[in-house]
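Written below as structure tokens is the structure these notes are about.
Please treat every number below as a calculation from the coordinates, not as lab data. Because the structure is a prediction, the values reported are computed rather than measured. Positions of Cβ are generated from backbone atoms using ideal geometry, with glycine treated the same way; all protein chains shown enter the neighbour counts.
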Amino acid sequence: MQAKLRSVLLKKGSPFALYCVFAGGIALLGSFIILAFIYLIDSLFNFGWGPSNEAEAVVTFADFFGYIILAPVIETFILGFFIRLLLRTKLTHLWICIVSAIGWGALHALVETVNFLVQFGAFLFLVIVI
């Protein structure tokens with residue numbers, strides 16, 4: 001299955017939207033796994049990574065739509081374009097994922113430092129799966 005997925009996503013001339021949908025879904029799954037692990041560690045050692053009080057834990061429909069639906073879709077298309085540009089260089093796919101992971105993680109760390117771990121972990125998950 002991994003070889004089939006790789007042949008579809010990384011084949012020259014494959015549809016850009018198909019790449020974005022599959023890679024975005026895989027990366028999102030990786031983000032959820034890493035985020036769950038981070039919050040587990042936080043609950044055990046109280047690093048303060050999670051919501052600090054009950055009011056912050058409330059999620060409205062606008063939050064859900066913006067953070068869970070809209071932002072990942074937009075980010076996936078931006079990232080897909082960035083990766084397509086990097087594919088034109090002489091970097092291997094592994095290095096493209098590493099460069100993307102560091103860059104995307106750094107951008108998300110501007111919002112909150114722990115987001116670096118979530119984004120970097122998502123890319124590592126993507127590298128492992130694909």
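Values as computed for the structure displayed
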item	result
Ranked Ile26, Ile68, criterion: other C-beta atoms within 10 Å, fewest first	Ile68, Ile26
Convex hull of region 72-130 built on C-alpha atoms - directionally averaged projected area, nm²	3.9 nm²
Label point distance in nm, His93-Ala62, each placed 7 Å from Cα along Cα→Cβ	4.2 nm
Residue-by-residue Karplus 3J(HN,Hα) for region 67-74, coefficients 6.51, -1.76, 1.60, Hz, glycine and proline x	8, 9, 9, 6, 4, x, 5, 5
Protection proxy ranking, peptides 77-90, 104-117, average beta carbon neighbours within 10 Å, highest first	104-117, 77-90
Packing-based exposure ordering (other Cβ within 10 Å, fewest first) of Val118, Val21	Val21, Val118
Ascending count of other beta-carbon atoms within 10 Å, so fewest first, for Phe37, Phe120	Phe37, Phe120
